Amino acid sequence: MRAVKLSSPSTLTLEDVDIPEPGPAEVRVKVAGAGLCHSDLHLVDLGDAWPAFGLTMGHEGAGIIDAVGVGVTSHSVGDAVLVNLVWSCGTCRACVEGRDNACEVTGGRDSFPSAPGLTADGAMAEYMIAPARHCLPLGGIDPVGAGPLTDAGLTPMRAINSVLDRLTPGATVVVIGIGGLGHVGLQILKAICGSRLIAVDQDPTKLAHAAELGADVTLEPGPETAARILAETGGYGADVIIDFVGVQATVDLAAASIAPEGKVRLVGLGGGAYPASAAIEAPWGVNIQRSYAGTRADLLQVLALAAQNKIKVEYTTYPIDDFQQAFDDLRAGKLRGRAILVP
Ligand SMILES: [Zn+2]
Ligand SMILES: [Zn+2]
């Protein structure tokens, strides 16, 4: 079968490899679609610093089970499934406390839990192997476009669930970056709260997309953006800011426009540093959290919203042979929503 591999530093190749066999408690999924994520570009850009050359890429996979391993009774051949991004152990303290995206056993302090495309062969292939318990039923959701629900859906869901107490009617939420994650995040916010939504993106077409998805105000980032957000909130600041970009300019924008007691969620891996300060002029009580992926409970909520057609991943498909074009289009910011490789 064909598989997209990070074969050596910064080099993606389409290789012909054996079709894998599921082990005990695993299933084999015939991949219907695999989403591309900015973190895939991040792996390519890490060069020598990435330790796992030879893995098949792709952490946003969905498809149809075509073989089950010994002992699997929960799933059957023919089931349409979404493969969870977070392969937690399910039994450590973090997992049983509902923080499985911070699993102690498969992740630990300095890493993230095991994940397809990151620590095991992923979804950018004709077939993938996954633990049965991390394959969630898709119901009637089309598997071709479902893969991004496990990251572009899950990651915003976690960030949003961590600020639920602030999403009151009358509150203002700023979403920075209306790409793969941001366009789903806006839809989740629209579906679950009555807060006012401000979208920020440097690309006017992405701001138009945000307006279509229900953003009340759209702003291009610039020297006046923080002042615009303050003006929109009577000078007080935004209650919640979710930064899906995370470069220094967007993190600075969040710091300059968050309200007292506001909540900032840093999601994008842009490397920006939040200027936390004990100075008297900084807003009091600001709560800042880096946010990684999400919990199994979050993912069930994402699937429920998708099944109700309240969130929809917008995507462009590429045949797996054209994987390089898909990566190039992602890097160039040309995509509306996600790119999906179809094996
Ligand atoms: Zn990702
Ligand atoms: Zn665990």
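Observations
- The stretch 234-343 holds helices (runs of 4 or more DSSP H) entirely within its bounds, and those carrying 3 or more residues that are of a type outside the set (Gly, Ala, Ser) and outside the structural domain of Ser39 (by TED's automatic domain parsing) map to 248-257, 296-307.
- Residue that is farthest from Val267 (Cα to Cα), among those in the stretch 99-134 that are within 15 Å of ligand 2 (Cβ to nearest atom) and in contact with a Ser or Thr (Cβ under 6 Å, 6 or more places away or on another chain): Thr106
- Of the residues making up the stretch 219-235, those that are surrounded by 13 or more Cβ atoms within 10 Å (Cβ to Cβ) and charged (D, E, K, R) are Glu220, Arg228, Glu232.
- Qualifying residues in the stretch 239-261 (those that are under 20 Å from Ala279 (Cβ atoms) and of a type in the set (Gly, Ala, Ser)) - the one surrounded by the fewest Cβ atoms within 10 Å (Cβ to Cβ): Ala256
- Residues (away from ligand 2 (no atom under 16 Å from the Cβ) and part of a strand (DSSP E or B)) located in the stretch 66-91: Asp66, Ala67, Val68, Ala80, Val81, Leu82, Val83
- Single residue of the stretch 59-78 satisfying the filter (touching a residue at least 24 places away in the same chain (Cβ under 8 Å) and within 18 Å of Asp142 (Cβ to Cβ)) that is farthest from ligand 1 (Cβ to nearest atom): Asp66
- Here Ala52 passes the criteria (1) closer than 17 Å to Ala120 by Cα; (2) within 16 Å of ligand 1 (Cβ to nearest atom); (3) under 18 Å from the mean Cα position of the chain (by Cα) except the one numbered (3).
- Restricting Ala115, Ala130 to residues that are in the same structural domain as Gly63 (by TED's automatic domain parsing), touching a residue at least 12 places away in the same chain (Cβ under 8 Å) and more than 15 Å from ligand 1 (Cβ to nearest atom) narrows the list to Ala130.
- Count of the stretch 199-214 residues which are surrounded by fewer than 24 Cβ atoms within 10 Å (Cβ to Cβ) and closer than 24 Å to Val286 by Cα: 0
- Within the set Leu46, Leu85, Leu41, the sole residue that is within 22 Å of the chain's Cα centre (by Cα), under 14 Å from Ala130 (Cα atoms) and either within 16 Å of ligand 1 (Cβ to nearest atom) or not assigned by TED's automatic domain parsing to the domain that holds Ala120 (or both) turns out to be Leu85.
- Count of the stretch 169-178 residues which are surrounded by fewer than 24 Cβ atoms within 10 Å (Cβ to Cβ) and either β-branched (Val, Ile, Thr) or out of contact with any Gly (no Cβ under 7 Å at 6 or more places or on another chain) (or both): 2
- Of residues in the stretch 8-63 being surrounded by fewer than 14 Cβ atoms within 10 Å (Cβ to Cβ) and among the hydroxyl-bearing types (Ser, Thr, Tyr), the one nearest to Asp322 (Cα to Cα): Thr13
The values are calculated or read from the model by the stated rules, or taken from the named source; none is laboratory data. Values in this document were obtained by computation on a predicted structure and should not be read as measured data. For neighbour counting, all protein chains shown are included, and Cβ atoms are generated from backbone atoms with ideal geometry for every residue, glycine included.
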